[in-house]
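Asks: Got a structure here, written out as structure tokens. Questions coming.
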Amino acid sequence: MPVTFLTGTAETQKEELIKKLLKDGNVEYIRIHPEDPDKIDFIRSLLRTKTIFSNKTIIDIVNFDEWKAQEQKRLVELLKNVPEDVHIFIRSQKTGGKGVALELPKPWETDKWLEWIEKRFRENGLLIDKDALQLFFSKVGTNDLIIEREIEKLKAYSEDRKITVEDVEEVVFTYQTPGYDDFCFAVSEGKRKLAHSLLSQLWKTTESVVIATVLANHFLDLFKILVLVTKKRYYTWPDVSRVSKELGIPVPRVARFLGFSFKTWKFKVMNHLLYYDVKKVRKILRDLYDLDRAVKSEEDPKPFFHEFIEEVALDVYSLQRDEE
């Protein structure tokens, strides 16, 4: 049956798959949106009427998840009889057993995101060095449509197809949507009010177990840095780059832990090594273990998160006092 479900979160890859088919010959392309009036009747008429101007018709149904349940049911019934010269693509964020699954990495899978973004650069004929890639990710985040737009900007800007840190700082916009790193650094920097606020925002879209996991990974990275790096008041770019390569921690995260700021950052950074030691972070990791157990056993784990934020803030009380 010439009907293909394009499932998953990788919207750019869905778009590219359809564009490739449009290059194959004389094709009529029709896109259907959730808000289109009488869309079911319109699709029915398309299936009944063969156009004389093209060899094939492609019907692209976007944002199928936003259709009303009754509309979805009517469409599925309609798709039982689709002519061979009509191909229907149905785009859905959901994944299932049928169709083509085009998934993005999970928001917290930093390494997989870096691999995915680097591949997108290569597919656009660009090379990007590791430091520039990590800075790009820190500025753009995990929205694949935004990633594609910023890659296109860099492609137009670059003359030799080699993207550097300087290029990313000059061209790429910093999207300020609060994310996991923003929240975790608000916690480890003792910014209580900001941490509580970002936590409330994260709860709208993220499960508590995920938040507990990213917090644990954050303090594990800090623990690794404390073990490896000699404490000093100021760190340079070569320090940041070296630590990132030796520990496999993204450059922007290492920079924030060490109090090194890129010129495009509009926020203050804190040298964590002046406020934390191995003993202190070990205790925090034990607390996070208890938090993880509470998340999995308590009906409402939210108070445990807020309590954890307050306890960490006490360890950096001087910074918190300056903030307030």
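The values are calculated or read from the model by the stated rules, or taken from the named source; none is laboratory data. Keep in mind it's a predicted model, so treat the numbers as computed, not measured. For neighbour counting, all protein chains shown are included, and Cβ atoms are generated from backbone atoms with ideal geometry for every residue, glycine included. Heads up: the accessible areas ignore ligands, DNA and RNA and are worked out on the full protein's heavy atoms, side chains in. Shrake-Rupley method; radii C 1.70, N 1.55, O 1.52, S 1.80 Å.
Asks: So what's the angle, to the nearest 10 degrees on a 0 to 90 scale, between helix 130-140 and the longest Cα principal axis of the chain?
Replies: It works out to around 70 degrees.
Asks: Whole number please: convex hull volume per residue of the Cα set in the stretch 110-171, in Å³?
Replies: Details: hull volume 4.2 nm³, N = 62.
Cα-based convex hull of the stretch 110-171, divided per residue, equals 68 Å³.
Asks: Residues of the stretch 21-48 with backbone nitrogen within less than 17 Å of a virtual label 7 Å along the Cα-to-Cβ line of Val100, please, listed as ranges.
Replies: 21-25, 27-32
Asks: Using a 7 Å offset from the Cα along the Cα-to-Cβ direction at both Leu78 and Val269, what is the distance between the two label points in nm, to one decimal?
Replies: The modelled label-to-label distance comes out at 5.4 nm.
Asks: Once you place label points 7 Å from the Cα toward the Cβ at Thr49 and Trp237, how far apart are they in nm?
Replies: 6.2
Asks: For Trp237, Trp108, Trp203, what's the largest-to-smallest order of accessible area, 1.4 Å probe?
Replies: Numbers: Trp237 80, Trp108 100, Trp203 45 Å².
These residues rank, largest area first, as Trp108, Trp237, Trp203.
Asks: Can you give the FRET efficiency for Arg31 and Phe173, using 1/(1 + (r/R0)^6), R0 = 30 Å, r = Cβ-Cβ distance, to the nearest 0.05? Don't jump to the answer; show the numbers that get you there.
Replies: Numbers: r = 27 Å, r/R0 = 0.92.
Computed FRET efficiency for Arg31 and Phe173 comes out at 0.65.
Asks: Based on the Cα atoms of the stretch 3-101, what semi-axes does the equivalent ellipsoid have, where each is the square root of 5 times one gyration tensor eigenvalue, given in whole Å with the largest first? Present the calculation step by step, with values, prior to reporting the outcome.
Replies: Values: eigenvalues 81, 64, 27 Å².
They are 20, 18, 12 Å, listed largest first.
Asks: Cross-link partners among lysines for Lys153, C-alpha distance below 18 Å, same-chain residues fewer than 8 apart left out?
Replies: Correct list for Lys153: Lys119, Lys139, Lys162.
Asks: Using the 2.2 N^0.38 Å rule of thumb for compact globular proteins, work out how the stretch 82-195 stacks up: its C-alpha Rg over that value, please. Spell out each step's value before the answer.
Replies: Working: Rg = 17.8 Å, N = 114, 2.2 N^0.38 = 13.3 Å.
Compared with the compact-globule rule of thumb, the stretch 82-195 sits at 1.34.
Asks: Once both axes come from the Cα atoms, what is the angle between helix 278-297 and the longest principal axis of the chain, in degrees from 0 to 90, rounded to 10?
Replies: Taking the Cα atoms of the chain, the angle to 278-297 is about 40 degrees.
Asks: Just to confirm my numbers, what's the Cα centroid distance between the stretch 28-81 and the stretch 208-241 in Å?
Replies: 51
Asks: Same structure again: Ignoring ligands, DNA and RNA, please state the percent of accessible area on the stretch 3-101 from carbon and sulfur, probe 1.4 Å. Walk me through the numbers before you get to the answer.
Replies: Details: 2970 of 5860 Å².
With neighbouring chains kept in place, the figure for the stretch 3-101 is 51 percent.
Asks: Please list, in chain and number order, the residues 5+ apart from Asp129 or on another chain whose amide H is under 5 Å from its amide H, with Hs placed from the backbone.
Replies: Amide H neighbours of Asp129, under 5 Å, 5+ apart: Ile163.
Asks: Can you tally the lysine pairs in the stretch 7-81 where the Cα-Cα distance is under 21 Å and the two residues are eight or more apart, or on different chains?
Replies: Counting lysine pairs in the stretch 7-81 gives 14.
Asks: Say R0 is 56 Å: what FRET efficiency, to the nearest 0.05, do Leu314 and Arg149 get from their beta-carbon distance?
Replies: Working: r = 42 Å, r/R0 = 0.76.
With a Förster radius of 56 Å, E is 0.85.
Asks: As a test of the formula, what do you get for the chain when each DSSP H run with n ≥ 4 contributes -39,500 (n - 2.57) and the sum is divided by the residue count, at 222 nm and rounded to the nearest 500 deg cm²/dmol? Provide the component values of the computation, followed by the final result.
Replies: Working: 15 runs with 178 residues, N = 324.
That comes out to -17000 deg cm²/dmol.
Asks: Same structure again: Radius of gyration and Dmax for the chain's Cα atoms, expressed in Å?
Replies: For the chain, the Cα radius of gyration and maximum Cα-Cα distance read 24.4, 76 Å.
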